[in-house]
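One structure is given here, and the rest of the page talks about it.
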Amino acid sequence: MRKILGVLLVIVAFVIIAGAGLFFFSREQATVPIEQTYGPNPTLAEPNPTWIPTVHVAEATPWPQGKMPVAAKGFAVNEFAGGLDHPRWLHVLPNGDVLVAESNAPPKPDEGFSIRGWFMKLFQSRAGAEVRSANRISLLRDENGDGVAETRTVLLSSLFSPFGMTLLDGKLYVANADAVVAFPYRDGDAEITAPSEKIVDLPAGRNHHWTKDVIASPDGTKL
């Protein structure tokens, strides 16, 4: 019995190693220089169907200390704010305050182990999408106009995976993953404690991406 079990373990190990090797060596490799892949006339590679899809998820990493994006001539780049918890969307208020949705997907129901679920978790973790949602909107205020936010406050908390935001007629509308809600807002508010007003439910749950946006029509009559 032990001998048979040992043979089975060897076979399983061989299959796993062979599968990993097949996956690694059968992946497509880029053959077009990066400079030819963007601009007005990029070179597009022909589709190449394969048994194993080529998936390369870029790792989510912050800018290295002391490094900045290179701006176009005549412009400069500086860090307005840092240390945010998975920031996903920005909205600039008329007074210059910047709202940041610190958010992520709602928790998924526990469906037990599956190969698909294992790979999904692996890829999402690499992309930085496996962190718990902070479920808040923070307000960043540059008080002296130097391009750096001196003040940071939690404008709204206990939301449900918030994303889009818009201000209209004294109300701040927030697109949660499952509904558009509204809060009373006065110019200069740094914190809102009033309860939310549900405007409309949104499709959510399985097979619905959690990020929802909300914008106002140019004449302010519709969302």
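Would you mind calculating the gained length between THR153 and HIS86 on full extension (0.36 nm times residue separation, minus the Cα-Cα distance), in nm to one decimal?
22.5 nm
The aspartates and glutamates whose alpha-carbon is closer than 18 Å to the alpha-carbon of LYS108, local same-chain residues fewer than 8 away aside, are GLU130, ASP178.
Full extension of the chain between LEU9 and ILE199 gives 62.6 nm of extra length, using 0.36 nm per residue less the Cα-Cα distance. The helix-based estimate of mean residue ellipticity at 222 nm for the chain, built from -39,500 (n - 2.57) per DSSP H run of four or more residues and divided by its residue count, is -5500 deg cm²/dmol to the nearest 500. Peptides 169-176, 59-66, 145-152, ordered by how many other C-beta atoms sit within 10 Å of their residues on average, highest first, read 169-176, 145-152, 59-66. In a DSSP loop and with at most 11 other Cβ atoms within 10 Å, the trypsin sites (Lys or Arg not before Pro) in the range 99-141 are ARG132. Per residue, the average separation of C-alpha pairs within less than 8 Å and at least 6 apart gives the range 85-223 a relative contact order of 20 percent.
Given a cut-off of 25 Å, what percent of all Cα-Cα pairs of the chain lie beyond it? Across the chain, Cα pairs with separations above 25 Å total 60 percent.
Extension gain ALA71-ASN95, at 0.36 nm per residue separation less the Cα-Cα distance, in nm? Contour length minus Cα-Cα distance gives 6.1 nm. Between the Cα long axis of helix 115-126 and the first principal axis of the chain there is an angle of about 50°, rounded to the nearest 10. Comparing mean-square fluctuations of VAL92, VAL55, VAL70 from a GNM of the chain with C-alpha springs under 10 Å, the top value falls on VAL70.
Between the amide H of LEU172 and those of PHE183, TYR185, distances stay under 5 Å, these residues lying 5 or more places away or on another chain, with hydrogens modeled in the peptide plane.
All of the numbers you see were taken from the coordinates with simple rules; none came from a lab. Bear in mind that the values here come from a model prediction, so they are computed numbers and not experimental data. Cβ coordinates were reconstructed from backbone atoms using ideal geometry, including for glycine residues, and neighbour counts include every protein chain displayed.
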